[in-house]
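Visitor: Here it is, the structure, as structure tokens.
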Amino acid sequence: MILSIILLILFIIALIFITFFTLYFFVPSIRKNNENDDIFISLKAKNTVIPEKTATNSTDKKAVVMCSCKKEFALARPDYNKEYSCKMIKSLFCSGLDCKFACIGLGDCAKVCEQSAIVIENTTAVITANCSGCGKCVDVCPQNIIELISSDTATIVKCGNVTGEQTSCSAYKKEEKAEWKPKKDFKIWAYCYRIINRTRC
């Protein structure tokens, strides 16, 4: 009896995974692999509900934040409300660290990135391989520590301290390998979340 119940549960779990696998991989392929396809909204309705994004041309450059996500300070930065913006914190507290050039890490740059290429690690913005080099993040950063560099750059000093002021930053003027790691996405779970939300409406 117990074995039958366990087998039934395993069968249901397998069925659920197969269903989501089919929805996630095969349906988009049938619909010409359109990245923004939604199986619950017709193409006509989708164009009405969801405004079309402006196309972003790729360049041979990529953005880099001149502040290492591996850094450590003698004193920890206060935990700001994530609803705040970098621009607001800059106007009130500078960076909140003993280096006034440090990344504030509240993601103003991530909010304007149409490629979703920016993640936050150790309260620091990190540019991933999704970056197309459009430069929108460069313009919005209140610290002015995001630069566009050639994508074939080997090493770089990820430090925006241009005045040489002494800080307790462990990564002060340290050279690092220039790399843009793939963004880790849980796309299938995001897709499942969208399906559940649609069924609730």
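FYI, it's all coordinate maths here, none of it is from the lab. Nothing here was measured: the structure is a model prediction, and the numbers come from that model. Positions of Cβ are backbone-derived with ideal geometry, glycine not excepted, and every protein chain shown enters the neighbour counts.
Visitor: Once you list every other residue whose beta carbon is under 10 Å from the beta carbon of residue 140, what net charge do they have if Lys and Arg are +1 and Asp and Glu are -1?
Guide: +1
Visitor: A further question on this structure: Which order, highest average first, do 137-150, 101-114 follow once you tally other Cβ atoms within 10 Å for each residue and take the mean per peptide?
Guide: Highest-to-lowest ranking by the protection proxy: 101-114, 137-150.
Visitor: Here's a follow-up. Expressed as a whole number of Å, what is the distance separating the alpha-carbon centroids of region 133-183 and region 95-116?
Guide: Computed from Cα coordinates, the inter-centre distance equals 12 Å.
Visitor: What does the charge dipole of region 81-174 about its Cα centre add up to, to the nearest 20 debye, if the Cβ of each Lys and Arg holds +1 and the Cβ of each Asp and Glu holds -1? Intermediate values should be presented prior to the final figure.
Guide: Values: 9 positive and 9 negative charges, 31 e Å.
The calculation lands at about 160 debye.
Visitor: From the Cα gyration tensor of region 50-139, with a ≥ b ≥ c the square roots of its eigenvalues, which class applies: rounded if a/c is under 1.5, or else prolate if a/b is larger than b/c, or else oblate?
Guide: prolate
Visitor: Hey, can you rank 164-173, 73-82 by average C-beta count inside 10 Å, highest first?
Guide: By packing density, highest mean first, the sequence is 164-173, 73-82.
Visitor: Related question: Starting from the Cα-Cα distance between residue 168 and residue 156, subtract it from 0.36 nm times their residue separation and give me the gain in nm to one decimal.
Guide: Value of the extension gain: 2.3 nm.
Visitor: Of the peptides 62-68, 9-15, 126-132, how do they stack up when ordered by the mean number of other Cβ atoms within 10 Å, highest first?
Guide: 62-68, 126-132, 9-15
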